[in-house]
Structures are given as C-alpha cells and as structure tokens.
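Novice: This is the structure I want to talk about, given as structure tokens.
What follows is calculated from the coordinates using simple rules that are stated; it is not laboratory data. Keep in mind that what you see is a predicted model, and the values were worked out from it rather than measured. Here the Cβ is made from the backbone with ideal geometry for all residues, glycine too, and neighbour counts use every protein chain on show.
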Amino acid sequence: MVRSFAHNQNPMATKTIRGFREADHPAAIEARARVVTIIDSIPPEDLVHAIKRAPSLRGMMLGYIAEEMFLKFLRKNDAVSDLRQHNDHDRSMNKADVDFLIGGRRVSVQLKSIQTNSICFRSDLSMLHASVQNDGSDKREVRLEGGEVVLTTNYRVGDYDVLAVPLFPFTGQWDFAYKLNRSCRRTTSKKYTANQQRQLLSTMEEITYPLTDHWSTNLESVAKSI
C-alpha cells in the first residue's frame, strides 16, 4: 500500500503541474530499492535470452563480464596482492580499471575487449586478426608535456601501465593478453599536431592470434618490463 502524506510536510518536495514530487518519500525509496531485485526475480534462461537478442545490451554486458572474469583471475593469482578497482564513472585522475602489486611493483591495467565485427582471418598472416578500441568513452581535457591541453577521447602515453585484452573470442577460454602502454600504437589522426601524436595513443589497437607484436599472456613477465 502506498503511504499517504501531506504535501507541506516535506520542504524538499518539487512542485509540478501534476502535483508534488518527493524523491525521499518512503514509498519512493522502497520502489527504487526494488529495482535492483529485478535481476534476482528473472529465471536465468530469460536473462540470457534478453542479453543475446539485444546487440547493444550484449556489447555492454560483455565488457562488464570480461572485467568480472579479469578480477576473478587476479584474485586467484598468488603473485597479485593489494588489488584496487577504480570507479568507471570517475576517470578524471586515474585512467586504469585496476591496479595491484606484482613482483614488488604497483601495476595499473586498462582492460579493453576485442570488437566483434572486426574479427577476421588474415590469409596473408595465416592468423586471426581483430581491433581493440583503446580510448575513453567521453572527451576530456588532457594535459600534455609542456603544458599544452587537448580535448580528446584518446589516452595519453603513460595514462596506465598495461593494456589487457580477453582472448575468449580467439580461444574460447578466459585467457588474457597483455601489452605495455608504451608499446601501444600512437595516433596518426591529422587533427593532432606531430607533438600531440607523439603523446597520444591510437584509439584502435590491433591484436592477432597467435599473438605477435609485443603481446604476451604472461602478466608477471610484462610487469617486470614496466
């Protein structure tokens, strides 16, 4: 039952042409809390079907699933300690998804997934080939060496230590490939000056399977190279 209330009892109520809006009313708080239980109320097979039939939802979900599996991998790795996960919605200071201690040093990692539609077989290389989108979701001001400020979605060289990519599309297993930030491609976009191109990463990184070009599945080995 929705609880009755007096409009004049809440000074924070917002008046509209239809009446008063009270976000902190007990009934409203209860309804918002109920939203997160929707997933628990849905049979697993219905949830899976909903995800599979909606490409936009599937893409978003796969990113979060990959992140969850990467965190699971890190937690089970005896060489990893003091794992810290960062807020997806606040990257003003930290551009990494996670950082942790490994081999006596702190390593920051940005996790990105293979773009499904980019996957192909390169007959000239006799291997699978795909692209990984390696940039931020929103434009923000990036301060470069010398004090120059650029509005861009591109990551700056050094924003994180290691790029990690799940190899599931290639292997069918939750394996991960790693590449040093400094080994990632630089942008060649003509909208940036030569100095800006030197300091900004490309928004697209290429990956093959079997791995080549500075990629490795050995996290400890890559960490030692930082």
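Novice: What pairs from K52/K179; K112/K224; K52/K191; K72/K139; K112/K139; K52/K76 go past 26 Å between their alpha carbons?
Specialist: Result: K52/K179; K52/K191; K72/K139; K52/K76 exceed 26 Å.
Novice: What is the diffusion coefficient of the chain in µm²/s, taking the Kirkwood radius over Cα pairs and the Stokes-Einstein relation at 10 °C with a viscosity of 1.306 mPa s?
Specialist: Estimated via Stokes-Einstein, D reaches 76 µm²/s.
Novice: Report the extension gain between L71 and C120 in nm, rounded to one decimal, defined as 0.36 nm multiplied by the number of residues separating them, less their alpha carbon distance. Please report the intermediate quantities before stating the final value.
Specialist: Values: separation 49, 0.36 × 49 = 17.64 nm, distance 2.81 nm.
Going from the current span to full extension adds 14.8 nm.
Novice: Okay, moving on. Enter the angle in degrees (range 0 to 90, nearest 10) between the Cα long axis of helix 44-53 and the first principal axis of the Cα atoms of the chain, meaning the one along which they spread out most.
Specialist: Roughly 60 degrees between the two axes.
Novice: Would you mind working out the magnitude of the charge dipole of the chain relative to its Cα centre, with +1 at each Lys and Arg C-beta and -1 at each Asp and Glu C-beta, to the nearest 20 Debye?
Specialist: About 540 debye.
Novice: Another question, if that's okay. Tell me, what ³J(HN,Hα) does each residue in the range 185-190 have, in order and in whole Hz, if you take phi through Karplus 6.51 cos²θ - 1.76 cosθ + 1.60 with θ = phi - 60° and put x for Gly and Pro?
Specialist: For the range 185-190, the Karplus curve yields 5, 8, 5, 10, 4, 6 Hz.
Novice: Suppose R0 equals 30 Å; then what is the FRET efficiency for M204 and R143 from their Cβ-Cβ distance, rounded to the nearest 0.05?
Specialist: 0.80
Novice: Please compute the Kirkwood hydrodynamic radius of the range 54-145 from all pairs of different C-alpha atoms, in Å with one decimal.
Specialist: For the range 54-145, inverting the mean 1/r across all distinct Cα pairs yields 15.7 Å.
Novice: I've got another one for you. Which order do I39, I226 fall in if you start with the one that has the fewest other Cβ atoms within 10 Å?
Specialist: I39, I226
Novice: Using the alpha-carbon centroid of each, what span in Å lies between the range 62-81 and the range 93-144?
Specialist: Cα centroid of the range 62-81 versus Cα centroid of the range 93-144: 15 Å apart.
Novice: Sticking with this one: Identify, among I114, A130, T187, the residue whose Cα sits farthest towards the positive end of the charge dipole of the range 58-224, taking +1 on the Cβ of Lys and Arg and -1 on the Cβ of Asp and Glu, with the dipole about the Cα centre.
Specialist: T187
Novice: In what order do E205, E220 fall by count of nearby beta-carbon atoms within 10 Å, going from fewest to most?
Specialist: Numbers: E205 22, E220 14.
Neighbour counts put them in this order, fewest first: E220, E205.
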